[in-house]
1. Just to be sure I understand the model, the point goes 7 Å from the Cα along the line to the Cβ. What's the resulting residue 30 to residue 12 distance in nm?
2. Which net charge results when you count Lys and Arg as +1 and Asp and Glu as -1 among the other residues whose beta-carbon is under 14 Å from that of residue 369?
3. What order do you get for 377-390, 221-234, 245-258, 271-284 when each peptide is scored by the mean count of other beta carbon atoms within 10 Å, highest first?
4. Can you compute the charge dipole magnitude of segment 183-229 about its Cα centre, using +1 on each Lys and Arg Cβ and -1 on each Asp and Glu Cβ, nothing else charged? Give it in debye, rounded to the nearest 20.
5. Just for segment 171-312, what percent of DSSP beta bridges are antiparallel, to the closest 5?
6. Figure the gain on full extension for residue 54 and residue 140 (residue separation times 0.36 nm, minus the Cα-Cα span) and round it to one decimal in nm.
7. Taking other Cβ within 10 Å of each residue's Cβ, how do 157, 106, 113 sort, fewest first?
8. Rounded to the nearest Å, what's the spacing between the alpha carbon centres of segment 288-335 and segment 29-78? Just the number, please.
Amino acid sequence: MAEPSPDRAATQDELDLLHYQPRIERPVKMKSPELERNERLRHVIFSGQFSVDMLEDLARTADRIRILSKNRSGQDFLIRLLHHKRAMLYFTQPSTRTFLSFMAACQILGITCNEVRDPTTSSETKGETRFDSIRMFSSYFDLIIMRSKLARLAESCAYLMNDLEATGNRSVPIINAGSGADEHPTQALLDIYTLQRTFQFADSRSSTISTRFEELRKDYPELNQGLTNKVYGFCGDIGRGRTVRSLASLLANYEGVTLIFIAPDDPTLALRDDLRTRLLDRRVNLVEVDSFDATYNGKPVIETLDALYMTRIQKEHNAPGDEQKFAAIDHSRYKLSTKLVERMKAYAPILHPFPRDQHFGEIPPEIDNDPRAMYFRQARNGMWIRSALLASIFGVDHQIDRFFHDEYSEWHHYNEGAGVGGEGSEPSTASQSGQF
Ligand code: NCD
């Protein structure tokens, strides 16, 4: 958070941010209810707002939207759901996937989008504060999706909206699409959705367990469906990776998980104290190592992982002197190779929030064709889960449920007795991701 400098008067922007500071510093448990309305999410600011049940509900809605989007009647239904809504995408930090997948998610549900990506084209160059800008957006739009290099700006904007609501003024939901090096909750949602689909081990044409799962169990007798009791590895720039912070917090919701952080032993790049404390408070089994060959449970880490989350080194956040300091690190330890992938478990998905860095090469392209390489599917999953999130915020998720059941009841009926699927099975629920 920007502090006013002692040798000049504070700007209004800085004073506004300081005004929200005491509310920001409260524990997540205290803050979460203020970000909800009638037991529904109103603002999406940090991943601590999501419970396992909410993640399951979102995944189900995302699955339904994905399946409905395959045919014309489904698309026509979805696009009418929120065609009376308008969204502002206020992205003052670079973005490709998050921006485009939010835009595509809005388009699926008929939401009209507008964007401000470059603040030099807005009235902020005329001295307008960010908070005035946000309030203006809320006059014209029904939702603000925002990315900023300021860690707590989205959260402050949510409190601004709540204050406006309390005084009878117009107020709209805020979605955090990446806040500084702090949080990226919707990226964590798509990461979790990808893991949920992967660890369903479902057949491509029904939601029944695949024969592949039975095969895998011969080699991995302990393997279970779902996200519980698994070992998740995070490799690379752990200290500055907001996607790592958000996903690790979400994984802490699941029983019996082990999180292994593979990062250089450097205070900038290694796990930060605040996240370590948060995870230990949640009783996560936490392991910190500096290479894939370090041992965990008597085996090299790379061989024990159920899933691997790679990240790039976020050099745009380098402080003066960092580059020189990092030159002493053996970076090859934080890059995947086909040799390392060969040693991974046969089912362990490889994720990456993307972009990957072609110069650093944390995932060389020769790995892309490995069935465990999940990062392109992961990015596509972002569109489905973000649609589900928007549907939930605007309360149309139950309509999607009802339409889905009506649309596919014939399918269920037709397939009854035909040996396709099982009780509650749905067409193609696992066709896009999570397949090997
Ligand atoms: C990430 C981000 O911007 O935090 N990318 C993304 O949103 N998909 C990760 C990164 O930039 O390394």
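Coordinate-derived values only; no laboratory data. This one's a predicted model, so the numbers in the text were calculated from it and none came from an experiment. Positions of Cβ are generated from backbone atoms using ideal geometry, with glycine treated the same way; all protein chains shown enter the neighbour counts.
1. Simple spin-label model gives 2.9 nm for this pair.
2. Residues near residue 369 contribute -2 overall.
3. Descending mean neighbour count gives 377-390, 245-258, 221-234, 271-284.
4. Charge dipole of segment 183-229: 180 debye, to the nearest 20.
5. Values: 4 of 18 bridges.
Antiparallel bridges: around 20 percent, rounded to the nearest 5.
6. My answer for the length gained is 28.0 nm.
7. Starting with the residue having the fewest Cβ neighbours, the order is 113, 106, 157.
8. Going from one Cα centre to the other spans 33 Å.
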